[in-house]
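The values are calculated or read from the model by the stated rules, or taken from the named source; none is laboratory data. Nothing here was measured: the structure is a model prediction, and the numbers come from that model. Here the Cβ is made from the backbone with ideal geometry for all residues, glycine too, and neighbour counts use every protein chain on show. The protein model used for the area step is the full one, side chains on, heavy atoms only, and it has no ligands, DNA or RNA in it. Shrake-Rupley method; radii C 1.70, N 1.55, O 1.52, S 1.80 Å.
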Amino acid sequence: MYKPNKVITLGQFIIERQTDFPYAKGELSRLLRDIGIAAKIVNREVNKAGLVDILGEAGTDNVQGESQKKLDVYANEQFIAALSSGGETCAVASEENEEMINIESAVSKNAKYVVAIDPLDGSSNIDVNVSVGTIFSIYRRTTLTGKSDLSDFMQKGTDQIAAGYVIYGSSTMLVYTTGKGVNGFTLDPSIGEFCLSHPDMTIPKTGNIYSINEGNYLHFPDGVKKYMKYCQEEDAATKRPYASRYVGSLVADFHRNMLKGGIYIYPTTTKSPKGKLRLMYECNPLAMIIEQAGGKASDGFNRILDIQPTTLHQRTPLFIGSSDMVNKAEEMMTRYSQVSV
Ligand code: AHG
Ligand code: MN
Ligand code: MN
């Protein structure tokens with residue numbers, strides 16, 4: 001008997017699920033749709049990155065006489081443009097901009113949301129054909145009238161309305177949550193649509209992969225050193241030693257661990273005493289996703305989502321992944337690196 005393939009596109013899925021949203025249903029749907037469109041445009045450019053030698057280096061003119069942009073700048077412009085013309089976002093905080101950006105387009109007058117974004121994560125991997133990504137976080141604005149200000153962004157991760165990431169990899173995927181589970185969509189380039197491929201994603205409770213930049217070992221807190229030794233010990237019952245995997249694109253390391261189980265750690269180091277990763281547009285959105293998928297995100301002692309932000313680009317150490325593994329790492333931190341950061 002003929003059985004039609006039921007393909008659900010991101011657009012259809014968002015509309016079907018908008019009853020999940022407590023308020024402003026249509027508006028959040030449109031915002032998510034705008035992010036999906038920008039992701040497709042960035043994807044097109046990321047895929048062309050290897051042609052840069054033929055088409056022109058960043059900073060030079062391409063064959064059309066247009067100046068080539070660095071991809072992180074390009075991605076930033078695309079997401080800001082999509083959010084500005086979409087009309088649902090009144091302000092954007094981006095890794096690429098020191099200050100928050102007020103969107104003052106006519107269509108954004110009554111916009112209810114602010115977006116924090118890392119437009120291109122893992123940018124050092126572009127030139128070597130390794131996966132990169134985009135990470136985003138959506139909050140409802142708290143200021144009631146007039147221009148949006150910093151206070152709209154100084155909300156805890158627990159206040160996020162939605163969060164997600166895009167991975168530009170061997171295939172391109174968009175994964176997001178609105179607080180009712182996590183769903184993943186794979187871009188089908190032949191029809192130009194993100195299609196539901198990973199419904200109701202959950203992370204295994206434990207895993208056997210640990211991801212950390214071991215080159216910084218000497219500068220890690222003792223708790224992290226002890227946890228790494230724990231990962232390397234032989235123990236058949238817990239499938240140790242674990243495998244070490246570190247791509248250097250947070251999104252890629254995170255996505256692999258989501259699917260297979262594992263832990264990603266970027267701790268404090270002597271060089272980066274507060275850690276390297278940014279709370280607003282790297283740690284909080286991934287923390288919301290991991291919790292929605294049944295995992296855990298911590299700064300080594302406390303829940304990431306409970307941190308009260310005080311600045312747009314503030315950093316935090318990050319321990320994220322399978323809950324059993326993060327619990328174990330926290331236990332080591334408490335035992336050997338008592339001083340909370
Ligand atoms: P970005 O490209 O947005 O600046 O982020 C880079 C981040 C993250 O993607 C990655 O996991 C981490 O930096 C790698 O840092 P190290 O090279 O210090 O390990
Ligand atoms: Mn990043
Ligand atoms: Mn970036």
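Tabulated results
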read-out	value
Amide H contacts under 5 Å for Arg315, placed H, 5+ residues apart	Leu279
Listed residue (Asn43, Ile138, Cys90) projecting farthest to the positive dipole end of the chain, Cβ model	Ile138
The chain: most fluctuating residue of Phe13, Phe153, Phe79 per GNM, C-alpha cutoff 10 Å	Phe13
For the chain: rounded, prolate or oblate by the Cα gyration tensor [a/c cutoff 1.5]	rounded
GluC sites (Glu not before Pro) restricted to DSSP loop in the stretch 84-121 with at most 14 other C-beta within 10 Å	Glu98, Glu99, Glu104
Residue with peak Gaussian network fluctuation, the chain [Cα springs, cutoff 10 Å], from Tyr264, Tyr168, Tyr230	Tyr230
Rounded Å value of the spacing that divides the Cα centres of the stretch 70-85 and the stretch 157-200	19 Å
Ranked by how many other beta carbons lie within 10 Å on average, peptides 203-215, 116-128, 275-287, 231-243 from highest	275-287, 116-128, 203-215, 231-243
Positive-pole candidate from Ala75, Gln292, Phe13, dipole of the chain, charges at beta carbon	Gln292
Chain lengthening between Ser272 and Asp149 when straightened (0.36 nm per residue, less Cα-Cα)	41.4 nm
Accessible solvent surface per residue of the chain, calculated while the other protein chains remain in place, 1.4 angstrom probe, Å²	46 Å²
Virtual spin-label span in nm between Ser124 and Leu196, 7 Å along Cα→Cβ	3.9 nm
Rounded to 10°, Cα long-axis angle of helix 25-47 versus longest principal axis of the chain	80 degrees
Given charges at beta-carbon only (K, R positive; D, E negative), |dipole| of the stretch 10-198 in Debye	820 debye
Protein accessible area in the stretch 209-336, 1.4 Å probe - carbon and sulfur %	49 percent
Contour excess over end-to-end distance, with Cα ends at Ser244 and Glu331 and 0.36 nm allotted per residue	29.3 nm
Anisotropy class of the stretch 10-198 from Cα gyration tensor, a/c 1.5 cut	oblate
Nearest-20 debye value, the chain charge dipole, Cβ charges on Lys, Arg, Asp, Glu	920 debye
Principal-axis tilt of helix 222-232 within the chain, Cα atoms, nearest 10 degrees	90 degrees
Within the stretch 244-341: Cβ-based charge dipole about Cα centre, in debye rounded to nearest 20 (Lys, Arg +1; Asp, Glu -1)	300 debye
Whichever lysines have a C-alpha closer than 22 Å to that of Lys147, once near sequence neighbours (fewer than 8 apart) are set aside	Lys109, Lys112, Lys156
Acute angle (nearest 10 degrees) that the helix 250-260 long axis makes with the longest principal axis of the chain, alpha-carbon atoms	70 degrees
Most fluctuating residue given options Lys225, Lys271, Lys156, as computed from a GNM of the chain linking Cα atoms under 10 Å	Lys271
Prolate/oblate/rounded label for the stretch 62-142 (Cα gyration tensor, a/c 1.5)	oblate
With every protein chain in place, the stretch 10-198: carbon and sulfur % of accessible area (1.4 Å)	50 percent
